[in-house]
Structure formats: structure tokens, C-alpha cells
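Trainee: The structure under discussion is supplied below as C-alpha cells; questions concerning it will follow.
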Ligand SMILES: [Zn+2]
Ligand SMILES: [Zn+2]
């Protein structure tokens, strides 16, 4: 099947904002020929102009046809299947002829509680009119559900990198995937995607994929079954030199805490008083040695068991990767095509090398449009935003302004501004 959408798009009428965004996207796609990281003819594509995916079950013969589609149809969002099919364009799904599937992991700033959200996000209550800063889901005055005004910034997108790195480390160390089968890209909006593309996992059935997710997310991981156990007298832990997998990660995190965790951190994690913590931590070197040799240090009275239970369960919650079992195991899932533009931000969903990930900042690196071009807008509201080196100070009431293209595209895509 050919894309078959050319005619239908031209007769539809879109808002001025969508039409403007598409004119910019069209220019971008006519200058840049995108390379796909997989054979184009075996993937199912989906795209959206008003929504993220208005249409799916679309196929192309090759990369050239894919690029022609981007230039002719000019979608604001483009996704492709995580699976390869014999006939990706036909329906229903069962008739496509599944060949195999990548493993996909998505990390999203929405899932992490960062302090910046109390600066750039706000809430309001339609029932009683109360409002405030932060991602507050229930009105603090009347308890009803709130309407959220959510944004992302370099800080919260960057927080998803930590999880991306943890995942990459588990995939490499526990499963032996090498860099050649691991692909990272910016999602185009709020986080990062990791694609595992390898013969070893290509034909894994769904049940095995869910099992893999469970391992990675430490679903039902119990420290007691990995050698952390209190026998009534001593709290044992696995010997550092002989351990691997999650038990090793837990020990690493524990040793880091012993080495450099602040007293405040220990108070919160363990539930002990600041005074007790100060006395326990008076000899960190000794604690470090004891843990490495297979014992969690004993505490006065009967505190040992509860103290270490609290610490271990906190560390497990920190190490647990927020991987959604259902969507990550879904072989029919469509996910953003790397290097395409994202209609809510105007950012490129860049492919990122391992070495570039630590310094990658989408608010600088994913900017697709020239800062030399400007556009007059009515900005309804916005927090402080810096894109492509240009900063917009907070806008609290509708204000007419002329802004560089990357900021204009972002605000219009995000739904916070209209054209003037
Ligand atoms: Zn209220
Ligand atoms: Zn943020």
C-alpha cells in the first residue's frame, strides 16, 4: 500500500498554527533527507497532524519513499512499529506477518519528581478557583481534581538520562548487549528512547519480553532472596567480590551512601534520629569494610534489622527503573521515528551516540530551526524558557511579542501561543 494520504490532507482545513508549523516542517524535510535505522519496507508507520497518531497501517517501499512522504504529507508526528512485518500496511495486525521486534524503553520527565516542576508547572481548580505552583493533582483547598499546566526544561529532561544510563548498564553488564545493538534517541519532547535491535531478542515472544521488563524494573525483587538477611543476630549481605546483577547494584548504592551520603539523607532513608545517625556514621571507613566483607554493621539495642530493612527498601526503590510492563512488551507499539520533528516542540528526535549522551541538551542540540528567523505571536502564558540560546522571561498574561523561530515553534506547538 502506498501512503495514500496526499489527496485527503490537502482538502482538510487546519488552524493557522498547524498550517504555519507544517510550512516550517515542510521546508525542513525538503532540505534534510532522513536515514532510517532499519529497513523501511518492513515497518508499519503511523502519523498525525492534529493528534499524535491519526492514521496507522501505512507502509513504504524504501527510504526514498519515506522521505517523499515527509515532504508531501508533512505530518507533525511520525511513528514506526517496534516490529518488522512481511506486509506492514495490511490489516488486521495478525495478517501483517510478524518477522520480529526490537525491545524499546522510554524514559519520560513526567515520571520523575524533580524540583524544577515547582518552578515551571502550575495547577488550578475549576471548582473553587484556587491555584498554585507545582504538579499538584488534587486541589489543596477543596480536594477536587486540578487542571495542570505542565512544562519541561533541561533539568527534568536531564533527570531521565540517569535512568537511561542505568538501563544501558544493565543491558550491557547483565545481558551482554554491546553498543552495536543499543540505539539511543531523544524522544523529541520529554525524554529518551532506547532501542535494542539484535538477533538475540528479535523473535522473543511477549511473555519473555515481559519477564525481561520485570528483571529490569526489579519487579518483585526481594533483597532477602539475594543474600541480604537478618538471622536474629547479624544482618548478612552478599560478599562484594562475589556478587553480580541487582545484588551488586544494591551493594554499590549502599557503599556510595556509606562513603558520601549526607546525615540528612541517612535520617530520611533510615527513619533514625539525627543524633543516632551522627554517632553511627562516626566511622564510615569501618562500615565500608564490614559491608564489603558480607555484614551490614550492627547497631545498639534491637535496631539493626529495622534500620537496614528501611535502607535497603529505599535503595531498591531508587534503583528500580520506571518501565511500563505492558507498553514496553507490546510488539504492536508505534514509537517516534528517530530524527523526525516533534510537533509539540519543533525539536528533532536526534539519534545520540553513547559518548554524546551525557552532555546532550535538547534545548540546545535538538533545535531544528534558525534563530535568525522571527515570528510575531500572542503568548498566552509561559514559564521561563531558554531554547537555542534565547531566553523568554515568564509570561503571566497574554502578551504580544516577536520571538526567534525555535521559541515561537515551541510555544505554538505546546499550545501556549497563537500567531499574530
Ligand atoms: Zn478547589
Ligand atoms: Zn523541569
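Every read-out reported here was derived from the displayed coordinates using simple, explicitly stated rules and does not represent laboratory data. Everything numeric in this text was worked out from a predicted model, so none of it was measured. All Cβ positions, even for glycine, are placed from backbone atoms using ideal geometry, and neighbour counts span all protein chains on display.
Trainee: Which order results if 177, 45 are arranged by neighbouring Cβ count within 10 Å, fewest first?
Mentor: Placing the least packed residue first, the sequence is 177, 45.
Trainee: What FRET efficiency, computed as 1/(1 + (r/R0)^6) with R0 = 60 Å and r the Cβ-Cβ distance, is obtained for residue 298 and residue 16, rounded to the nearest 0.05?
Mentor: 0.30
Trainee: Taking just the alpha-carbon atoms of segment 10-93, what radius of gyration and Dmax come out, in angstrom?
Mentor: 13.2, 39
Trainee: At q = 0.10, 0.11 Å⁻¹, work out log10 I(q)/I(0) for the chain with the Debye formula, treating every Cα as an identical point scatterer and leaving solvent out; two decimals please.
Mentor: The Debye formula, applied to the Cα set alone, gives -0.84, -0.97.
Trainee: Turning to a different aspect of this structure: Using only the alpha-carbon atoms, how far is helix 154-173 inclined from the longest principal axis of the chain? Give it as 0 to 90 degrees, nearest 10.
Mentor: The answer is roughly 70 degrees.
Trainee: Segment 223-319: D in µm²/s via Stokes-Einstein (Kirkwood Rh, Cα pairs, 4 °C, 1.567 mPa s)?
Mentor: The diffusion coefficient I find is 97 µm²/s.
Trainee: A further question follows. Could you give the length gained on full extension between residue 320 and residue 63, defined as 0.36 nm per residue of separation minus the Cα-Cα distance, in nm?
Mentor: Taking residue 320 through residue 63 to full extension adds about 88.7 nm, to one decimal.
Trainee: Then there's this: Could you work out the relative contact order of segment 13-93? I mean the mean sequence separation of Cα pairs under 8 Å and 6+ apart, divided by the number of residues, in percent.
Mentor: 36
Trainee: Ok, one more. Relative contact order for segment 262-406 using alpha-carbon pairs under 8 Å, separation at least 6, rounded to a whole percent?
Mentor: In percent, rounded to a whole number, it is 14.
Trainee: So, one more: Estimate the FRET efficiency between residue 260 and residue 386 by the formula 1/(1 + (r/R0)^6), using the beta-carbon distance for r and 41 Å for R0, to the nearest 0.05.
Mentor: Plugging the Cβ-Cβ distance into 1/(1 + (r/R0)^6) gives 0.85.
Trainee: So, one more: At a Förster distance of 22 Å, what's the computed FRET efficiency of residue 215 paired with residue 240, Cβ-Cβ distance as r, to 0.05?
Mentor: Result of the calculation: an efficiency of 0.55.
Trainee: What Kirkwood Rh does segment 257-387 have if only Cα atoms enter the pairwise 1/r average? Answer in Å.
Mentor: 20.3
Trainee: Output the relative contact order of segment 46-175, whole-number percent, from Cα pairs under 8 angstrom with separation of 6+ residues.
Mentor: 16
Trainee: Can you run the Rg to Rh ratio on segment 369-420? Use alpha carbon positions and the Kirkwood inverse-distance Rh.
Mentor: Expressed as Rg/Rh, it is 0.91.
Trainee: Roughly speaking, what is the centre-to-centre gap between segment 275-323 and segment 349-420 when only Cα atoms are used, to the nearest Å?
Mentor: Computed from Cα coordinates, the inter-centre distance equals 45 Å.
Trainee: Among 270, 279, 349, whose mean-square fluctuation peaks in a Gaussian network model of the chain (Cα, cutoff 10 Å)?
Mentor: Looking only at 270, 279, 349, the largest GNM fluctuation is found for 279.
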